[in-house]
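A.B. asks: Structure incoming, see below.
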Amino acid sequence: MAERGLEPSPAAVAALPAEVRAQLAELELELSEGDITQKGYEKKRSKLLSPYIPQIQGIDSTVQKEHKNQSTPSAAPTSTPSKYHRGRSGGARDERYRSDIHTEAVQAALAKHKEQKMALPMPTKRRSTFVQSPADACTPPDTSSASEDEGSLRRQAALSAALQQSLQNAESWINRSIQGSSTSSSASSTLSHGEVKGTTVSLADVFASTRIENFSAPPDVTTTTSSSSSSSSIRPANIDLPPSGIVKGMHKGSNRSSLMDTADGVPVNSRVSTKIQQLLNTLKRPKRPPLKEYFVDDSEEIVEVPQPDPNQPKPEGRQMTPVKGEPLGVICNWPPALESALQRWGTTQAKCPCLTALDVTGKPVYTLTYGKLWSRSLKLAYTLLNKLGTKNEPVLKPGDRVALVYPNNDPVMFMVAFYGCLLAEVIPVPIEVPLTRKDAGGQQIGFLLGSCGVTLALTSEVCLKGLPKTQNGEIVQFKGWPRLKWVVTDSKYLSKSPKDWQPHISPASIEPAYIEYKTSKEGSVMGVTVSRIAMLSHCQALSQACNYSEGETIVNVLDIKKDAGLWHGIFANVMNKMHTVSVPYSVMKTCPLSWVQRVHTHKAKVALVKCRDLHWAMMAHRDQRDVSLSSLRMLIVTDGANPWSVSSCDAFLSLFQSHGLKPEAICPCATSPEAMTVAIRRPGVPGAPLPGRAILSMNGLSYGVIRVNTEDKNSALTVQDVGHVMPGGMMCIVKPDGPPHLCKTDEIGEICVSSRTGGMMYFGLAGVTKNTFEVIPTNAAGSPIGEVPFVRSGLLGFVGPGSLVFVVGKMDGLQIVSGRRHNADDIVATGLAVESIKTVYRGRIAVFSVSVFYDERIVVVAEQRPDASEEDSFQWMSRVLQAIDSIHQVGVYCLALVPANTLPKTPLGGIHISQTKQHFLEGSLHPCNILMCPHTCVTNLPKPRQKQPVVGPASVMVGNLVAGKRIAQAAGRDLGQIEENDLVRKHQFLAEVLQWRAQATPDHILFLLLNAKGTTVCTASCLQLHKRAERIAGILYDKGHLNAGDNVVLLYPPGIELIAAFYGCLYAGCIPVTVRPPHAQNLTATLPTVRMIVDVSKAACILTTQTLMRLLKSREAAAAVDVKTWPTIIDTDDLPRKRLPQLYKPPTPEMLAYLDFSVSTTGMLTGVKMSHSAVNALCRAIKLQCELYSSRQIAICLDPYCGLGFALWCLCSVYSGHQSVLIPPMELENNLFLWLSTVNQYKIRDTFCSYSVMELCTKGLGNQVEVLKARGINLSCVRTCVVVAEERPRVTLQHSFSKLFKDIGLSPRAVSTTFGSRVNVAICLQGTSGPDPTTVYVDLKSLRHDRVRLVERGAPQSLLLSESGKILPGVKVVIVNPETKGPVGDSHLGEVWVNSPHTASGYYTIYDNETLQADHFNTRLSFGDAAQTLWARTGYLGFVRRTELTAATGERHDALYVVGALDETLELRGLRYHPTDIETSVSRTHRSIAECAVFTWTNLLVVVVELCGCEQEALDLVPLVTNVVLEEHYLIVGVVVVVDPGVIPINSRGEKQRMHLRDSFLADQLDPIYVAYNM
C-alpha cells in the first residue's frame, strides 16, 4: 500500500507498540476494502500516531506533503461547492454524469472478474430438476414488463469500482485468512473475492493444499469476533480439515466401540466438504457491524439492538417552509364541470376528432368524434338510469358505484362508459379485466368492489365473450368478488333517450366523481375517491401547466383507466377539445416503435410515456429511419421520478435528437393516486439552459439526509427534477414515519400536497383516510403550520434550489433495514447494472423485504432466461450481491431466480410485488436458483454465551439451599418394602423359573404368535418351550462343540423360535446375543451390521433358520461381506430329540446372562452385559409396576432384539407367567389393522408398541376410523398402551394417536411411554397404578442454557414435554451436571444418572476400556449426600419436578422428564440445542417436508429435508427453513440439503440416525435434489 504515500519507514513502524501497529494494519485493511474514506483514514491514523509524533515527526510531514499532491487531482471534479450542478450544454451529457466512462469501467471490472474462478460454493443441483419452460412466444426481446427498467448506466461505475477493489485485495485477503485472522467490518462482505492473480486454483484448493503448522480451526461461523489485532489471534491446535488430506485414523479404544462412528474423519476430497470449506472461508470475512459483547441471560431482550452509527449524517438545514405553485389562472370560458365541456364540444364541434384507437398492428382503426362521444354517453346514461330495472325499482340510483371492465386496447368503449356514468351521476370504478378465476391480486380487487357495494359491471360485448365461463356458459364467480350483474354497453344494446330527457349537469362540487383503485405495499387494494371539483380543478391545473390548447394531438401510451393516462388522455383531452391517439400495451408489445410513428404521422404536440416506452423505442429504433419528433413540445415521462429515468431520458434524447427531438421537450412528472399530479416540468423555452441534477450520496439517502456525493462516485444516486409544484397547489415535506413534522431543508421526507386537485378519501376506510388525506403538518415545536389539510403522496423527496421538486423513491418501495432506508427501485437499478443480458430479463426483477428475526431482510427475485447456464446465473447472482453490498452497504438476504414467465404479473406486464412476496413466504415461488446470505445480513444475533467458570461444590450446595431449590432426584418404590408371596422369588435364575413352570403349569400357554391375517401361527406352553430349549441346548453341544460362557448369535425373525433359542442358550450355559436378521431385499445395507455384531461379540456360533442360513451364504451376501469366515452356523428347523444329560446352572447370579447389542442414534454400536441378577431384578420390577400374573394377557408389537423390547418379548412372560400375544411389527405393513384388532379381539388391557408402530397407525388409519368402527373394533378395554422408547416422549404423536382413536373407545389416559438407555434398559414405565403422566411447558430459551423454567401453555418459545412414565421399583435417579459431576437443583437441566439392581454390568467391547466402564457404569457424584452411591450415566439430559400428585407411597410424586440424548445435542453459539426441536420447527414450515434431520459440521448447522412434493418445490424450502430456524432458534443455517423421501436413515425404534446421515452427506452419497450453501 506504499503507493498511497502513507507508509512510515519500517523502522519507525517497528518502534510503535504492538497494539498500535495492529490498529494501523486494521485501518489499512478498512481503507483497502472501502470501509472508510481516505479522509476518515487520515483522521483516525493521525489520532493513533499523535502520542508518538516526536518519534516519527519526519515521516509524518512528508506524508502530508505527498498526500496533498496526491489528492489534488481527485478533488478537481468536486470543487464546485454548490449543491446542484447547473447549466449544461444543449443535449450533450454533462461532464459530471460520465455514463460512457462508467460503462467502460464496469465492463473492464466485469471482464476481469470473469477470468477469476468463483470462490463461492455453488449450490449442488440434481440434473433432472427444473426443466425450464420456454418463455411465451409473444414476449418481445428483453421486454415484457411494465416494471420500468432502464438505468443500468448510472450504476455501472459503482459496480466496476466495487469489483475492481475486491479483486485487488484478493491476494492479501487470502494470506490473511490463512493466518486465521478476524478483522473487523468489511464493505463487500457477501462474496469471497476471486483468487490470487495469475493462478488457477480456487480458494478451497488453496486451503486444502497449504500446509501450515498452526492451521486455524474452522471459525465458529455463527459468531463474529471483532478482535483488536489482526494477526495475533490465538489459534487452537486442532485441525478440522487435515491439510495434507489424511483422514484421522481411528484411535484404538477411542470411544465405546466406535466401529461405525466415522464422524471424526471424513475424506477431505469429498466434494461436499470442499464446498463447506469454501463456505467457511467465505464466512470468515466478518459481518459489517461488529457485534458488541452482549448477552443478557434469561432476558426477553434477545436481540442485539444496532446502536446508531456515531458518524451517520444528521440533517443540518433549517425547517422547510411550504412551497406554493403559481396561482391557477382564471380563464373565463372554463366550464363549471367536466361534463359541461363535453356537452359544449359535443353539440358545437361534433365533427372534431376526440379519440383514435389502433388495431393490433398499430394502424388507426376507429376515431371517436366529440359528437359521437356526447350522443353515445347520453344513450348510456339514459339506459343506466331508466332501462335496467322497473320504473318504481330502478337498479341504479345516482351515487351508486359501478365497475368498468374494459381492456386497454378498447379506449373508445371505455371513454363512452366513463362519461356515460358521469352524466348519469353514478360513480365509475375502473378495474382490470379478470383473465382467470384466481388472478394475481384479483381477490383484493374483489374486496374493493365488495366494500364499494358494486353490483353492476359495465363491459363490451367482445370483452364479455372473452371472460372465463363455467360449463353452462355463465361467467365464473371470481375469487373474492361480490355477485355482479354484467351489462354490455355496445351502442346496439342501448336505448335512445327521448327528446325531452336531459342529463342533470350541476356545477362541480365535492360529491364523488369516480374511484381509482390502488394496490398498497402489502397487496391490499384501496379505492381513492376523487370528487367532481377535484377532477375539474386537476384538469385546469394540468391544462395550465402543460399549456394545452384546442385541437392539439396527444399520443398516449399509458393505461387509460387510471393515473396520468386517465387525467391527460380522457379528462384534459375533453376539457381542451384535443385529440388523443391511444397506443395500448398490446400494440407496444408487437410494435415497440408504434408510439414514435404515431407522433410522426399525427404531428403530435404531446406524448405521454413511461421510461419503458423510451427503452423499447430505442431498441426498435433500427427498424425506422425516417421518423421525425420535431412536432413534440412535451414528452411527458410519467415515471420521471424513478431512479433510472435519468439515464433513459438521456439515452433517448441522444438517439432521437437527430430525429428532431428538442432537449427541452422532455418533461418528467411525479404522480400518485392520492395526490394525483404532484409536480411536472413545464415545457422549456428553446435554447434556455436545462435544469440541473442532484448527485446524492446513497449513504446519506439511507439515513434520510441529502448530501451531495463528492467522495465516492460509485455509491451516488443521480436524480432529475420533476419540475415545479402544480398551479394552485402547495407542497411540503414531512417525516415519513410518526407524526407529520416538517422536514429540514436537507432532509428526505414524504411529499405532501395541498390543493383542490387531490383525492378526497379511501372509499369506506375512514381511519386510513384521516392519516393520508387530512394531514396537518406541524413544526419542530409540534404546533400545526396552518388550517389547510395536506394529502400524503406516498412519494419520498425534497424541494431543491429554485423550488424544483426531486423525488428519490416511493414509500411503498421503502425497505428499512437496521434503521437505514433503502429504496427497492434503487436496488433494482443496481441489479440491472450488472450485465444481465445472458441471465435474467431486464424488466422482471422484484425487490421486497420480509421480516425475519426482528428486522427487515431484503429479497431480490428475478426471472431467469431459459438459455442461461447454471454458472452464468450463479456468477450473476454473486455479482449482484457484491454490487448491492458495495453501493448500498446493505446485504441481500435472499436472491432467487425463477423460470421465465412464472412471476405473478400486473395486468400491464409489470411484476405483482406483493403477490410475489406472498408466494415467497408460503413457499410457492418455485425458484430454479437461489442464494441466501443470512450469515452476512443477520447482524442482530445476541452475543454467543460464554460458559461460566466451574463453581466449586460448596457454592453449589449453598446456592441450592439459599435459593430454596431441591436437589433434583427421584426414586421408584422401595423393593424391600413390597410384600410378595411369590414362589418365583426363590429362583435366582430365569432358566430355573422356566423349568419350574414346565413342572407346575405345563399346559399354561405363555406365547401366541400372530401373522398378518391375525391368525395364531404358533403357540408355546411352559412345557413346549422348555422341551424346545432343551433340544437347542443339545444341538449346541453336539454340533457347536461349545463350552459354557461362549457367545452365540441368535438370528431369527420375531417369533417364538427366537425365545426358544434364547432359553436353549441359557440351558447350555452359553451367552445369547439377539441380532436383527438382514433384510433380503437390502443386504448391502443390513448385512454389514450383522457381520459387525458377530465380529464384535466374538460369537462362536450362529443359531438361525434354514432360510436365513442360505441367505448368509448366498452370492448376494458375498458381495456385501466376507461369507467364508462366518463362525459355525446351525439351523434349528429340524431338531434331534436328543437332550442334555443335565442343564447348566451358573455358579453366581452375577454371571453374564445375555449381551444386548444396539446401534445408538449417533451411529455407535454398543453391547452391554446383562447379568442373571439384573435380569431377575428387571423382570420383577416390570411385574410389580404392571401387576403381571398368570391370568393376565398383554399384546406386544415391538422389535425383540434389544432393550426393553427384548425383555418384554422374551423374558417377562416366563418370569411372571402372563400370556404374551406377539405381533411382529413388520406384519403391520401388510395389515395396518392387525395390532388394534388383536387388542380388541383378545380384550387386552395392557399393550406395548414402538413409535414406528404408533406412527404407522396414526398416518395409515387416520382417515379410516369409520372402517375400524364398522369392523367392530373397540379399544375401551385398554388400560395402558405403552410406547417403548429411549428418547424424549413424542408428545404430539401420542396426542394425535389418542385423539384419533378416542372415537373407538381409547381412553386419553391410556397412552404413556417408557424410558430406558444403554446402561439401564428400563428406568421408567407407566404401569397400572399411580398418577397419570404429567406434562409441562418449558421455556426453550432457558433450556438452551441448561435451565428449566416452566411457562404457561401458549407462551412464545415454549416446548411441551411429557413425563416418561413412572420410575420403576428399586430405581433411583439423580440429575447431574455432566461436566462437574455434581448434583443440580430441580430448576436445572442435567444428565440423568441411575442406580438400580437391574443396571447392566458394563460395556462389551473388543478392547476393554476400563476408564470408560468406570465412567459410565460405576461413577460417583463429586459431592453431596449421594456421593457414596454408585451410579450409571444414561447419557440423556433431563430434569425432575415435584408434582401436586400423590405417589403410591403417599408422598408427592416426583416426575422425570427426559429432554434428549447428550451425544445428540448441538453446541452452537455457546448454547445447547436438541436436534428434535429444530426439526419440529422445520417440519412445520411447508406441507412438502416429509421428514427432516439436523446435524453440525465444523460449526455449521446442516438441515436435511425430505421433499415429498414435486421437485420444483425443492428450492422453495431453502428460505423457509432458514427463516424458521432463525426466528425460533436464533441460529443461522449453514447448509440446506433437499433429498428424496426415505433418505434420512431411521432405526428400528423409529429414531433418526443423524450421524449416519452426516457421514453419507460428507461422503457425497445422498444424491440430493439440491444443496444450498447459505452465505
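A.B. asks: Between residue 436 and residue 1332, how many nm apart are label points set 7 Å from Cα along the C-beta direction?
C.D. replies: 5.0 nm
A.B. asks: Between residue 1350 and residue 768, what length in nm is gained on full extension when 0.36 nm per residue of separation is reduced by their alpha carbon distance?
C.D. replies: Value of the extension gain: 205.3 nm.
A.B. asks: Label region 505-568 by shape, choosing from rounded, prolate and oblate, from the square roots a ≥ b ≥ c of the eigenvalues of the Cα gyration tensor; if a/c is under 1.5 it is rounded, and otherwise prolate applies when a/b is larger than b/c, oblate when it is not.
C.D. replies: Cα axes put region 505-568 in the oblate bin.
A.B. asks: Expected output is a single nm value to one decimal: the length gained when fully extending between residue 490 and residue 943, i.e. 0.36 nm times separation in residues minus the C-alpha distance. What is it?
C.D. replies: Length gained, residue 490 through residue 943: 156.1 nm.
A.B. asks: Go ahead and run the numbers for FRET between residue 1123 and residue 1229, Cβ-Cβ distance against an R0 of 30 Å, rounding to 0.05.
C.D. replies: For R0 = 30 Å, the calculated efficiency reads 0.60.
A.B. asks: Just want to confirm a number: the relative contact order over region 1419-1575, from Cα pairs under 8 angstrom separated by 6+ residues, in percent.
C.D. replies: With pairs under 8 Å counted, the relative contact order is 15 percent.
A.B. asks: Of 324/662; 1098/1145; 372/561; 492/603; 735/943, which sit over 26 Å apart, Cα to Cα?
C.D. replies: 324/662; 492/603; 735/943
A.B. asks: Restricting things to Cα coordinates, could you compute the convex hull volume per residue of region 404-542 in Å³?
C.D. replies: 143 Å³
A.B. asks: Another one. Evaluate the charge dipole of region 1481-1532 about its Cα centre and quote only its size in Debye, nearest 20, assuming +1 on the Cβ of each Lys and Arg and -1 on the Cβ of each Asp and Glu.
C.D. replies: Around 100 debye, computed over region 1481-1532.
A.B. asks: Measure off 7 Å from each Cα along the Cα-to-Cβ vector at residue 316 and residue 1449, then give the distance between these two points in nanometres to one decimal.
C.D. replies: The two pseudo-label positions are separated by 7.8 nm.
A.B. asks: By average Cβ neighbour count within 10 Å, what is the ranking of 1373-1379, 896-902 from highest down?
C.D. replies: 896-902, 1373-1379
A.B. asks: Here's a follow-up. Excluding residue 477 itself, what net charge comes from residues whose Cβ is under 15 Å from its Cβ, given Lys and Arg +1 and Asp and Glu -1?
C.D. replies: +4
A.B. asks: Highest mean first, what order results for 731-737, 580-586 on Cβ atoms within 10 Å?
C.D. replies: Going from most to least packed, we get 580-586, 731-737.
A.B. asks: Another question about this same structure. How big is D, in µm² s⁻¹, for region 768-851 by Stokes-Einstein at 10 °C and 1.306 mPa s if Rh is the Kirkwood radius over C-alpha pairs?
C.D. replies: In µm²/s, the coefficient rounds to 99.
A.B. asks: Measuring with a 1.4 Å probe in the full set of protein chains, what accessible area per residue, in whole Å², belongs to region 992-1034?
C.D. replies: It amounts to 41 Å² per residue over region 992-1034.
A.B. asks: Using a cut-off of 14 Å between beta-carbons, work out the net charge of the residues near residue 1507 (Lys and Arg +1, Asp and Glu -1, residue 1507 not included).
C.D. replies: -4
A.B. asks: What is region 399-446 by shape, rounded, prolate or oblate, if you read a ≥ b ≥ c off the alpha carbon gyration tensor as root eigenvalues and call it rounded for a/c under 1.5, prolate for a/b larger than b/c, and oblate otherwise?
C.D. replies: Here region 399-446 falls in the oblate category.
A.B. asks: Give me the distance in nm between label points sitting 7 Å out from Cα along the Cα-to-Cβ direction at residue 524 and residue 1291, one decimal.
C.D. replies: 3.5 nm
A.B. asks: Just name one of 1362, 1297, 1390: the one whose Cα is farthest towards the positive end of the charge dipole of region 1294-1427 (beta-carbon charges, Lys/Arg +1, Asp/Glu -1).
C.D. replies: About the Cα centre, the residue reaching furthest to the positive side is 1297.
A.B. asks: Could you give the length gained on full extension between residue 816 and residue 657, defined as 0.36 nm per residue of separation minus the Cα-Cα distance, in nm?
C.D. replies: 53.2 nm
A.B. asks: Once you charge only the Cβ atoms, +1 for Lys and Arg and -1 for Asp and Glu, what is the size of the charge dipole of region 1481-1575 about its Cα centre, to the nearest 20 debye?
C.D. replies: In debye, rounded to 20, region 1481-1575 gives about 300.
A.B. asks: Let me ask something additional. Can you figure out the FRET efficiency of residue 1089 with residue 1302, using R₀ = 60 Å and their beta-carbon distance, to the nearest 0.05?
C.D. replies: 0.95
A.B. asks: Counting only protein heavy atoms and using a 1.4 Å probe, what share of the accessible area of region 801-883 belongs to carbon plus sulfur, as a whole percent?
C.D. replies: Here it works out to 50 percent.
A.B. asks: By its C-alpha gyration tensor, with a ≥ b ≥ c as the square roots of the eigenvalues, how is region 1246-1291 shaped: rounded for a/c under 1.5, else prolate for a/b larger than b/c, else oblate?
C.D. replies: Oblate is the answer for region 1246-1291, as a/c is 1.5 or above yet b/c matches or exceeds a/b.
A.B. asks: Hey, got the dipole for region 1095-1199? About the Cα centre, +1 on K and R Cβ, -1 on D and E Cβ, debye to the nearest 20?
C.D. replies: 380 debye
A.B. asks: Going highest first, how would you order 1198-1211, 1106-1119, 660-673 by mean Cβ packing within 10 Å?
C.D. replies: 1198-1211, 660-673, 1106-1119
The values are calculated or read from the model by the stated rules, or taken from the named source; none is laboratory data. Note that the structure is predicted; figures quoted are calculated from it, not measured. Note that each Cβ is placed from the backbone with ideal geometry, even for glycine, and that neighbours are counted across all protein chains shown. Areas reflect the complete protein model, heavy atoms only, side chains present, ligands, DNA and RNA absent. Shrake-Rupley method; radii C 1.70, N 1.55, O 1.52, S 1.80 Å.
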